[in-house]
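Reviewing the structure listed below.
The values are calculated or read from the model by the stated rules, or taken from the named source; none is laboratory data. Every value quoted in this text rests on a predicted model; they were computed, and no experiment measured them. Counting neighbours? That spans all protein chains shown, and the Cβs are built from the backbone with ideal geometry, glycine included.
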Amino acid sequence: MVINKPRLLIIGGGFAGVWAALAAAKQIEDAGVEIEIVLLSKDANISMRPRLYQKNPLALYAPLAPTIDPVGVKFIHATASAIDPVNKTLTYETSDGKTDNLNYDRLVVALGSETYTPPVPGLAACAWTINTHNEAFALDAHLQKLSSRPSNKSSARFIIIGSGMCGIEMATEMRARITQHAGAEYAAQTRIVLLERNDKIAPSLGDGTRFANKTIILTAGLRANALCATLAETPGVTVDALGRLNVDATLRVQGLSDVFAAGDAAHAFTDDTHVALMSCQHAAPTGRRADTLARATLDT
Ligand SMILES: Cc1cc2nc3c(=O)[nH]c(=O)nc-3n(C[C@H](O)[C@H](O)[C@H](O)COP(=O)(O)OP(=O)(O)OC[C@H]3O[C@@H](n4cnc5c(N)ncnc54)[C@H](O)[C@@H]3O)c2cc1C
């Protein structure tokens, strides 16, 4: 593909990626220069992830097009599968199974994060997660079927694994959700358990305790999108214990002059000593730092 103008490619259409696209568009418009901005995401909608513990996730989902089309950001609906930082090329797959490549002058990695699954045998197969809209929707559908279940209500248990931000929100919301889905009587008789590991993950499960008639929801923390770690195969590029790319003060990935990272994909310092959390509070402003990225692209 022939590139007529420099291309800023942003991968991931969450809080960080969308803010990066919007901030870059403003920078480029203000500078009056010709730079193409492409946002590639596997979801054509933005999901309100912090509220996915709530009922009716469909209401927490909005199309990207009305936000990015008016400012001239080109959208590609596809899944990024490989980044070649030497040849500055992204490989991606479309929903109809086609593989294609796209080159870039500057790349912003804003691929977000995934739920961590502890190595507890059988856990991945039986636990629900609420990391993405589709996962939250599946859990919602499961909870909607509660009222049609057999009558052993008193043994029904809802086990939430991990008492971080998501786990606490899920646990405190759960009885209200059960009430909405299956009625107050069912909700009053069910037991909601929040499991926290202390020194090991879900010790009750690990010690052989068995729960019948249960719904297990896994909220054991987040890990950066797995594609970040593949960049660490390049000499000089490193990731932290959560799989986030180590970046400098301008969000430039250490060891890669053309690649930046934002949001949950970045291990970024907020000042001299504090590291940004995996949170919306940090994803949005790190995305907005795309003005820095746009200027960098202008220099090509
Ligand atoms: C249940 C839950 C509750 C939370 N509660 C809070 C809270 O109360 N407060 C708070 O501040 N934070 C909360 N968080 C964390 C917050 O949601 C994240 O920190 C924030 O969404 C990170 O934004 P991001 O843009 O970096 O990533 P994301 O929002 O995850 O966006 C990543 C984007 O990349 C896309 N993508 C992923 N892989 C690919 C790929 N291979 N190719 C193309 N596109 C891809 C995704 O579809 C998505 O659009 C919560 C998270 C969860 C899961």
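Kindly check whether there is at least one residue in the stretch 81-88 that is at pLDDT 95 or above, in a strand (DSSP E or B) and in contact with a Lys or Arg (Cβ under 6 Å, 6 or more places away or on another chain). Working first, answer last.
So in the stretch 81-88, the residues at pLDDT 95 or above come out as 81-88.
Of the ones still in play, those that are also in a strand (DSSP E or B) are 81-84.
With the extra rule that they be in contact with a Lys or Arg (Cβ under 6 Å, 6 or more places away or on another chain), the set shrinks to none.
No, there is no match, as no residue in the stretch 81-88 is at pLDDT 95 or above, in a strand (DSSP E or B) and in contact with a Lys or Arg (Cβ under 6 Å, 6 or more places away or on another chain).
For Lys5, work out the one condition from (1) without any contact (Cβ under 8 Å) to a residue 40 or more places away in the chain; (2) more than 15 Å from the chain's Cα centre (by Cα); (3) not in a loop (DSSP other than H, G, I, E, B) it doesn't fulfil.
Unmet for Lys5, out of (1) without any contact (Cβ under 8 Å) to a residue 40 or more places away in the chain; (2) more than 15 Å from the chain's Cα centre (by Cα); (3) not in a loop (DSSP other than H, G, I, E, B): (3).
How do the helices (runs of 4 or more DSSP H) wholly within the stretch 224-300 filter down when requiring 1 or more residues that are on the phi < 0 side of the Ramachandran plot and away from the ligand (no atom under 16 Å from the Cβ): which remain? Even if it seems obvious, please write down each step before you answer.
Details: elements: 226-231, 280-288, 290-298.
The qualifying helices (runs of 4 or more DSSP H) are 290-298.
Thr219: in contact (Cβ under 8 Å) with a residue 24 or more places away in the chain and either of a type in the set (Phe, Trp, Tyr) or crowded, with 21+ Cβ neighbours inside 10 Å (or both), yes or no? Please lay out each step first, then the result.
Details: in contact (Cβ under 8 Å) with a residue 24 or more places away in the chain: yes; either of a type in the set (Phe, Trp, Tyr) or crowded, with 21+ Cβ neighbours inside 10 Å (or both): yes.
Considered against the rule, which asks whether it is in contact (Cβ under 8 Å) with a residue 24 or more places away in the chain and either of a type in the set (Phe, Trp, Tyr) or crowded, with 21+ Cβ neighbours inside 10 Å (or both), Thr219 comes out as yes.
Identify, from the list Ile68, Ile35, Ile28, the residue that is buried (at least 17 other Cβ atoms within 10 Å of the Cβ), modelled with pLDDT of 95 or more and either touching a helix residue (DSSP H, G or I) at 6+ places or on another chain (Cβ under 7 Å) or of a type in the set (Phe, Trp, Tyr) (or both). Before the answer, list the steps.
Numbers: Ile35 fails: modelled with pLDDT of 95 or more; Ile28 fails: modelled with pLDDT of 95 or more.
Of Ile68, Ile35, Ile28, the one residue that is buried (at least 17 other Cβ atoms within 10 Å of the Cβ), modelled with pLDDT of 95 or more and either touching a helix residue (DSSP H, G or I) at 6+ places or on another chain (Cβ under 7 Å) or of a type in the set (Phe, Trp, Tyr) (or both) is Ile68.
Identify all residues within the stretch 40-73 that are free of Cβ contacts under 8 Å to residues at least 60 places away in the same chain and either assigned by TED's automatic domain parsing to the domain that holds Ile168 or within 10 Å of the ligand (Cβ to nearest atom) (or both); write none if there are none.
Ser41, Lys42, Ala44, Ile46, Met48, Arg51, Leu64 - these are the residues of the stretch 40-73 that are free of Cβ contacts under 8 Å to residues at least 60 places away in the same chain and either assigned by TED's automatic domain parsing to the domain that holds Ile168 or within 10 Å of the ligand (Cβ to nearest atom) (or both).
Please go through the stretch 19-39 and pick out each residue that is within 13 Å of the ligand (Cβ to nearest atom) and within 20 Å of Ile83 (Cα to Cα).
Within the stretch 19-39, Ala20, Ala21, Val38, Leu39 qualify.
Quick one: in the stretch 105-147, of everything that is in a strand (DSSP E or B) and of a type in the set (A, V, I, L, M), which residue is nearest to the chain's Cα centre (by Cα)? So that I can check it myself, show each step before the final result.
At the first step, the residues of the stretch 105-147 found to be in a strand (DSSP E or B) are 106-109, 113-115, 127-129.
Within this subset, residues satisfying the condition of being of a type in the set (A, V, I, L, M) are 107-109, 127.
Values: Leu107: 18, Val108: 15, Val109: 12, Ala127: 18 Å.
Only one residue fits best here, namely Val109.
Does Ile76 qualify as being part of a strand (DSSP E or B) and either more than 12 Å from the ligand (Cβ to nearest atom) or buried (at least 21 other Cβ atoms within 10 Å of the Cβ) (or both)?
Details: part of a strand (DSSP E or B): yes; either more than 12 Å from the ligand (Cβ to nearest atom) or buried (at least 21 other Cβ atoms within 10 Å of the Cβ) (or both): no.
In short, no.
Those residues that are more than 10 Å from Leu143 (Cα to Cα) and not in a strand (DSSP E or B), I need them from the stretch 180-192; list them, please. Break it down stepwise before answering.
Within the stretch 180-192, the first condition is being more than 10 Å from Leu143 (Cα to Cα), and the residues that meet it are 183-192.
Once the filter is applied, which keeps residues that are more than 10 Å from Leu143 (Cα to Cα) and not in a strand (DSSP E or B), the stretch 180-192 yields Gly183, Ala184, Glu185, Tyr186, Ala187, Ala188, Gln189, Thr190.
Among what's in the stretch 5-19 and is under 16 Å from Pro285 (Cβ atoms) and among the β-branched types (Val, Ile, Thr), pick the residue that is surrounded by the most Cβ atoms within 10 Å (Cβ to Cβ).
By that ranking, first place goes to Ile10.
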